[in-house]
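Here is the structure we will look at, set down as structure tokens.
Every number here is computed from the coordinates shown, using simple stated rules; none is lab data. None of these values were measured; they are calculated from a predicted model. FYI the Cβ positions are ideal-geometry reconstructions off the backbone, even for glycines, and counts take in every protein chain you see.
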Amino acid sequence: MSSANKKNVLCSQQGVALVTAILACVILFALAMLVLHLSTSDLRVSSKTVGQKKALNAAEAGIHRLIQDFDPNTATWDPADTDSIYGKKTNVDADNDSASFYTISAPDRPSSKIYFLPVAGYDISGGKDWGLANYQVIVTGRNDNYATEISIEAGIGFGPVKRDTVLE
């Protein structure tokens, strides 16, 4: 091979190192972006999970409040009544978590049309049918910091009541 041919080959390879370095930087940049995206998506999923748990805890607190204060008297179901627990956005724990709330819907008759639930052991009057009056309530837990909301449809029985006192 002549010296002129060797010189042409060397001249044509002068930019290869620069191209290789730029290509390596692009690959490393793409890899860094992939790692950054995966780590931030894990944080988003974790944040959403925390928010859903806080909303579920708020809904459970609402169910406990419903069980504690349930009254089958429909006059107490009016959300405009200041003493009513229904239809109001109630804070779960204002001191520790001011962004978690629950709302209890007004009780309604169940969509299953089962308004009376017989209970064993309450047939004490000799022939009278005793049991529980059945109601359906939706309790919604919400956390404003994480923009999450969970609704729980709960059935609640009130009694003992005579079967003939339950309107069907």
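Suppose only helical runs count, i.e. DSSP H with n ≥ 4. What mean residue ellipticity at 222 nm does that imply for the chain under -39500 (n - 2.57) per run, divided by all residues and rounded to the nearest 500 deg cm²/dmol?
About -14000 deg cm²/dmol.
Please figure out what share of the DSSP beta bridges in the chain is antiparallel and state it in percent, rounded to the nearest 5.
Around 95 percent of the beta bridges assigned by DSSP in the chain are antiparallel ones.
If one takes the longest principal axis of the Cα atoms in the chain, at what angle in degrees, from 0 to 90 and to the nearest 10, does the Cα axis of helix 16-69 lie?
Computed tilt is about 10 degrees.
Evaluated at 20 °C with a viscosity of 1.002 mPa s, what Stokes-Einstein diffusion coefficient in µm²/s does the range 3-165 have when Rh comes from the Kirkwood expression over alpha-carbon pairs?
101 µm²/s
Tell me the angle of helix 3-12 to the major Cα principal axis of the chain, expressed in degrees between 0 and 90 and rounded to the nearest ten.
So the inclination is approximately 20 degrees.
What are the trypsin sites (Lys or Arg not before Pro) within the range 44-149 that DSSP puts in a loop, where the Cβ has at most 16 other Cβ atoms within 10 Å?
Lys88, Lys89, Lys113, Lys128
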